[in-house]
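Trainee: I am attaching a structure below and will ask some questions about it afterwards.
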Amino acid sequence: MRAEDPDRPRCGREPVNRLAIASLASACLLLAPVAVVLSFLAQRRLHRNDDRGLRMARAATHLATVQFAIAAVAALWLHWTREPAVEGPAGDSAARGDCYDFHVEHLSVVPCAEPHQGEVFATYRPSAAPEGTDAREQIELSVRKCEELESGAAYILDGWSVPEEGLAVEALWPRGTRWMGDDGPTVVCGYALPGELLEGSLRSDAHSLEPAQLTFLTAVNPLEAVCAEEPYADAGLPARQAWADEVADVVTGAAEALERADWPEPHAGPVADLATELRAGVSDWRQAAQAPDAAAFERHTADGAELLGHWRMVVARRELGLAY
């Protein structure tokens, strides 16, 4: 038989447990952790005495559970819609010349001397996309914009330094379907080596090259560009003759640029030898441009190619500290 509590009323209804009241009040104030603890304590006490408030304590538990569920859903939503962190060791934004690693939504600037996933050659702020553009189309627009910027970036002037596998252009932009406005995050345009890590900087521009290196590349890069434009045999003899005439002009320009520059020792000798050999091949390219038939064209272009200074190009590059 339960001992009589002198503080309990001798008639009327049993009192409402104060912990139950406090737990429900906490739940109504969105203090879910507090409500859960007070509800647990209240229910333990209510099982030992005849106070009222069990339903109140259980209601507090249910409200707190709903609040926890809402908080979890909100946290997941924020995780998947938040903008990516683009920061360096001191919180600086990624900029041209930075090397980076990219994991899901986070871009971290890392030293270029360490293995890394990519290197920034340009950045831009996206404008509004056309109405109805979905996330996939927005990403494609970003990649195309980065490819446009890459063509004029002049970030890698020394093409011989590019890995044989070739580089891919990638656009890293905020996750989600929203196209950010002018006050939004910066889209990062970078070079990456698919399936592999880069090591060392790819940069070879006016910012990173020595004056002699920049002068040399400015002179010879047009030569490499025109050689890459050689038309196929099925393009016809007139098209190939026009190309040979263009090669002759570019070779002449390269030789003149090399001869005109003031080269410090020990660069002067190798560069002069290269310019001399380039000049010797100009006549072959002119003859190829006037060739009467395909056989004569092939003969003169082969002779001209022999005098494009391949070996002397390697020697000059080595002396200048460029890739060879």
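Trainee: So, counting K/R as plus one and D/E as minus one, what does the shell of residues with Cβ under 14 Å around S201 add up to?
Mentor: Charge balance in the 14 Å sphere: -4.
Trainee: Using just the C-alpha positions of the range 195-241 as equal point scatterers, what log10 of I(q)/I(0) does the Debye formula give at each q in 0.17, 0.25, 0.33 1/Å?
Mentor: Cα-only, vacuum Debye calculation for the range 195-241: -0.71, -0.92, -1.11.
Trainee: I'd like the GluC sites (Glu not before Pro) in the range 197-231 restricted to DSSP loop residues with at most 10 other Cβ atoms within 10 Å, sorted by number.
Mentor: Counting only loop positions with at most 10 other Cβ atoms within 10 Å, the GluC sites (Glu not before Pro) in the range 197-231 are E229.
Trainee: Within 10 Å of each residue's Cβ, count the other Cβ atoms and sort V251, V282, V120 from fewest upward. It would help to have the intermediate numbers written out before the result.
Mentor: Values: V251 27, V282 18, V120 24.
Starting with the residue having the fewest Cβ neighbours, the order is V282, V120, V251.
Trainee: May I ask you to evaluate 6.51 cos²θ - 1.76 cosθ + 1.60, the Karplus curve with θ = phi - 60°, for each residue of the range 288-302 and list the ³J(HN,Hα) values in order in whole Hz, giving x for glycine and proline?
Mentor: Working through the residues one at a time gives 5, 5, 10, 4, x, 8, 5, 5, 5, 4, 4, 5, 6, 5, 5 Hz.
Trainee: Between S127 and A280, what is the spin-label point distance in nm, taking each point 7 Å from the Cα along the Cα→C-beta axis?
Mentor: Label at S127, label at A280, 5.4 nm between them.
Trainee: What distance in nm lies between label points placed 7 Å from Cα along the C-beta direction at E199 and L30?
Mentor: About 5.3 nm, to one decimal.
Trainee: Right, here's the next one. Net charge near A288, counting Lys/Arg +1 and Asp/Glu -1 over other residues with Cβ under 10 Å of its Cβ?
Mentor: Summing Lys/Arg as +1 and Asp/Glu as -1 gives -1.
Trainee: Moving on. Suppose the chain between R260 and A233 were pulled fully straight at 0.36 nm per residue; how much longer would it get relative to their current alpha carbon spacing?
Mentor: 6.1 nm
Bear in mind that the values in this text are calculations on the coordinates, not laboratory data. Everything numeric in this text was worked out from a predicted model, so none of it was measured. FYI the Cβ positions are ideal-geometry reconstructions off the backbone, even for glycines, and counts take in every protein chain you see.
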